[in-house]
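Single-structure report; data block below.
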Amino acid sequence: GNKMCQFKLVLLGESAVGKPSLVLRFVKGQFHEFQETDFLTQTFEIWDTAGQEQYHSLAPMYCGGAQTDTTNEESFATEELQRQACPDIVIALSGNKADLANKRAVDFQEVQPCADDNSLLFMKTSAKTSMNVNEMFVAIAKKLPKN
Ligand code: GDP
């Protein structure tokens, strides 16, 4: 039969990269041009760290934040991941705001090999157009341990 499993999904990334926007797109199929932060946190139990300092110590990663705004090179700054603390962790790197191609500050072709080297899922996403949003959450779900 079917077994229910619960996992914690933590969204990490600088302010304004689109963390709740990705959740809102995934959960409700909506996008708001002026997103109010934090309202989804309680409802869907998807943790939005809202850039809180204490999460930086457990934050990704080798290629950039777990959630990134690809129009902002700063948000791709590298941080160390303490992956050994949680061996089953699944990490996906979202290059969000992919719809804003003309403002691109991040070269996706440089990110992909780094993501590959570190076994990270990497997707260019857009909460606005919904590009790859479902795909990203589903890809994470598929990689979760099943026992
Ligand atoms: P947070 O600071 O990480 O919580 O990001 P928000 O979800 O609040 O998004 C910040 C701003 O970016 C909001 O004005 C969103 O409407 C906008 N935004 C989020 N995702 C996208 C996207 O994929 N494309 C575009 N063009 N704007 C986005």
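The values are calculated or read from the model by the stated rules, or taken from the named source; none is laboratory data. Small disclaimer: the values here were computed from a predicted structure and weren't measured. Please note: Cβ atoms are built from the backbone with ideal geometry, for glycine as well, and neighbour counts cover all protein chains shown. For the accessible areas, the whole protein counts, side chains as well, though only heavy atoms, and no ligand, DNA or RNA atoms are used. Shrake-Rupley method; radii C 1.70, N 1.55, O 1.52, S 1.80 Å.
Kindly evaluate F26 against the criterion of being of a type in the set (A, V, I, L, M, F, W, C), modelled with pLDDT of 80 or more and exposed (fewer than 11 other Cβ atoms within 10 Å of the Cβ).
When the stated conditions are applied, F26 does not pass them.
What pairs come up if the first residue lies in the stretch 102-129 and is in contact (Cβ under 8 Å) with a residue 60 or more places away in the chain, the second is open to solvent by 70 Å² or more (accessible area, probe 1.4 Å), and their beta carbons are under 7 Å apart, counting only those six or more places apart or on different chains?
Short answer, once both residue conditions are applied: T125/M131.
Which residue is farthest from K8 (Cα to Cα), if the candidates are limited to the stretch 89-107 and must be more than 15 Å from the chain's Cα centre (by Cα) and modelled with pLDDT under 90?
Out of the qualifying residues, it is N102.
Can you find, within the stretch 88-100, the residue that is nearest to L22 (Cα to Cα) among those that are open to solvent by 30 Å² or more (accessible area, probe 1.4 Å) and more than 10 Å from the ligand (Cβ to nearest atom)?
V90
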